[in-house]
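Working notes, beginning with the structure itself.
The values are calculated or read from the model by the stated rules, or taken from the named source; none is laboratory data. Please read all numbers here as calculations on a predicted model, not as lab measurements. Positions of Cβ are generated from backbone atoms using ideal geometry, with glycine treated the same way; all protein chains shown enter the neighbour counts.
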C-alpha cells in the first residue's frame, strides 16, 4: 500500500469517530458558548445578543454561589467518606476467608443500580412517617428525624445515599490497588521487623495512592454532576440541597432560559476543568515520585 | 452468490418493501387527536369520555398521561421543537402567560364564541384558566378541569360525643365545621395528639413545585394580603405588609399542628396523611376528594376553606384545553372539533360524572342536581366563586421558585416572617423588571 493511500485509510478509520465527536461534543459545546451571550429561550423562536449580561447576572447571583458551595461541600464530603470507608473495607476484605466472594459481590450491588431507582427506594426507607428507618428508631424509643423534609437533614440524607451507593466503587479500586502491591515488599518489611502501622504508612498507602487518587478524581467529577438523587429526594429547587446541576435544570427546563442557563453551564464547565486539572497534576506528581 | 446470500436477499428486499408500505399506510391514516395531560384520575375520565366523541364523529382521541413530576418540562420541551406531538395540551393555569406571549397557544378569541356562549363559563374560570392577560377577553384556552382548594374533615371525630363534650369544655363552643381560620386552628389544636398518633391538620407545603404556595394562598388573601398591587405588577409595599405577615405567621402555626414532616408535604403526601387515618382535617384540591369519599364514605365531610373577617378565598387549581400553534392547520381544526364537542352542555353533564370532572359551566354548577351529586360538589360550587390564582405571567416559574424558597424559609424558621417577605418582594420585583413587566 502506498503512503498516501495508507494515510487516506487512516483518515477513513478515524472519520466516523471524529464526526461523532464533532456532532455530539464539539458542536454542542460551541453552540452552548454562543447561546451564553444571547437571550435564547427554550420555547421562543430566534434570539438577540445580550453581550456579557448573562455572565454578569450569574456572577451576581447568590443562588449560583450557594449551589456552588453546596456542590463543593457535597463533593468533598462524599468523596472523602467514600474513599476512607472503601479503603478500610478493602483492607478488611484483602484477607481470604470463607464467604469473602459472596460478601464482596453483595457489597458491590448498590453501585450497579440506577441512581433514580436508588433515590426512590431510599425515599421510602427515609420517609418520616412510614419509612423503615424511623419505624426502627421509634421501636427503639429513639428520636425519629424527618430525614427528607427537615432542613437540617435533607442534605445529609442525600449524602448518606450517595455514600451507600458509591463506597463499593472505592472498595473495588482500593482492592485492585492493594492486590497490585508485590508481596515481596511485605516480606522484606517483615524481615526488617517493621510494625503494622509502619508497613501501612510506608508501603500500603504510598503504593495505593496513585490508584486511590484516580478513584477520587473519577468520583469527584461524577459527584460534581450530582443530579439524580437530589431530583428523587427533594426536587430541583430546594435551597438546602440544590446543586449546580439541579440549578441548571431549573433555569433551563423550568424557567426555559437557554441563554442564561448556557452561561451557568459554561462557568460550571470551567470550574470542573480547573478541578480536573488540579487533580491530574497531583496524579502526575504522584506518578513521578513513584518512578 | 453463495446459497445463503441468495436466499436472504429476497427476504431482505421483501422486508424493506413491507416497511415502506406500512409507513405509507400509517401516514395515510388520520392520526388521533392527541391530548396531553398529567397522570391523574380526571385524565383517565377524559380518555373515557373521549370515546363518546370517537363514536359520534369517527375521530379517535388519544389522551396521553404524562407523569406529573416531569409534565411541565416535557410540554415545554415539545414546544421547543418545530412540531408538538400533542394537538391539545391541558396546561396548568399558571402557564397561560407563557403560552400566550411566546406564541405557543392558539388564540381562541374569535373562534370560541362560535361554539359556546362565553357567559356560560364561570367568570373566575374564564379569568384565571382561559384568558391572558387576566380578564382581557383574549382567550387562549377553554376550561377543562376547574378546581379549588377545599376542606375535608373527619366527620366521625367531629360527631363523637366524648370529643364534642371535651371540645365544648375547652373552647366554650360546639365542635363544628370551621367557618374561620381561628376556629380551624382551635380544632386543629384540639385534635393534635402526637402521643396517640393523631394530628390536627395537613396542608400542601411541598417545596418541589408549587404546593407550599398554593397552601398558603388560602390564608394570604383571607387575611387581606396580596401578591402584588391590584392595578399593577408592583410588589414591594404590597406583598411585604402586616396583613401578609399575619397570614404567614398564622399559616406557620397551622403547619405545626400537623403530622410529622407537615412542613414539607406534597399534594399526594397531604392526602396520605388524611387517608392513613391520623389527621382530623386537610386542605387540598377538590380533585383529590373522590378518593377520600370512596375510602371514608359517611365518616368524612367536605366544606369550603375557612375565611377571616368575612373574607374567604380559595387557591385556584385546574387546567384549560389549549391548542398548540405548532401543528398543521388541519390538526388545529380537529382539535377545535374536539373542544367544541367537549364544551357542549350534554357532554359537560357526562364530564361531571367522571372522578373530579369539575366543570366551569355556570348553569351546571348552580343546578341542584350537581350540588346533590356528591358530598363535595356543593362546597366545590361554593368555592369556585371565591377562587384566585398565583401569577400567570410568562416568568411565573421564576416567581414561583422564589416564593417557594422564601415561604419555606419562614416556615422552617430560617428567616423571620417579615425578613422573608421583604426579601421575596425585592426578588420578585427584580424578576419582573428583568422580564420587562415592571418599569
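A compact table of results
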{"item": "Enumeration of residues in region A:124-144 that are surrounded by 14 or more Cβ atoms within 10 Å (Cβ to Cβ), at pLDDT 90 or above and in contact with a helix residue (DSSP H, G or I) (Cβ under 9 Å, 6 or more places away or on another chain)", "result": "A:125, A:126, A:133, A:134"}
{"item": "Cβ pairs under 9 Å, 6+ apart, first in region B:82-107 and within 12 Å of chain A (Cβ to nearest Cβ) and on the phi > 0 side of the Ramachandran plot, second at pLDDT below 95 and surrounded by fewer than 22 Cβ atoms within 10 Å (Cβ to Cβ)", "result": "B:103/A:43; B:103/A:44; B:103/A:45"}
{"item": "Segments classed as helices (runs of 4 or more DSSP H), wholly inside region B:344-439, with at least 1 members that are more than 14 Å from chain A (Cβ to nearest Cβ) and at pLDDT 95 or above", "result": "B:345-351, B:362-366, B:368-373, B:377-384, B:417-434"}
{"item": "Sole residue being over 27 Å from residue B:378 (Cβ atoms), buried (at least 21 other Cβ atoms within 10 Å of the Cβ) and in contact (Cβ under 8 Å) with a residue 40 or more places away in the chain, chosen from B:282, B:254, B:248, B:265", "result": "B:248"}
{"item": "Condition met for residue A:250 (in a loop (DSSP other than H, G, I, E, B), at pLDDT 90 or above and within 14 Å of chain B (Cβ to nearest Cβ))", "result": "no"}
{"item": "Helices (runs of 4 or more DSSP H) wholly inside region A:136-202 containing at least 1 residues that are within 14 Å of another protein chain (Cβ to nearest Cβ)", "result": "A:154-179"}
{"item": "Residue list for region A:110-123, restricted to those being more than 20 Å from the chain's Cα centre (by Cα) and away from every other protein chain (no Cβ under 12 Å)", "result": "A:121"}
{"item": "Region A:126-135: number of residues that are more than 11 Å from chain B (Cβ to nearest Cβ) and closer than 30 Å to residue B:410 by Cβ", "result": "1"}
{"item": "Matching residues, region A:18-55, being part of a loop (DSSP other than H, G, I, E, B), more than 22 Å from residue B:77 (Cα to Cα) and away from chain B (no Cβ under 13 Å)", "result": "A:51, A:52"}
{"item": "Test: residue in region A:84-107 that is within 14 Å of another protein chain (Cβ to nearest Cβ) and not in a helix (DSSP H, G or I)", "result": "no"}
{"item": "Residues of region A:203-235 classified as surrounded by fewer than 16 Cβ atoms within 10 Å (Cβ to Cβ) and within 14 Å of another protein chain (Cβ to nearest Cβ), total", "result": "0"}
{"item": "Residue in region B:41-64 that is nearest to the other protein chains (Cβ to nearest Cβ), counting only those that are buried (at least 18 other Cβ atoms within 10 Å of the Cβ) and outside any helix (DSSP H, G or I)", "result": "B:63"}
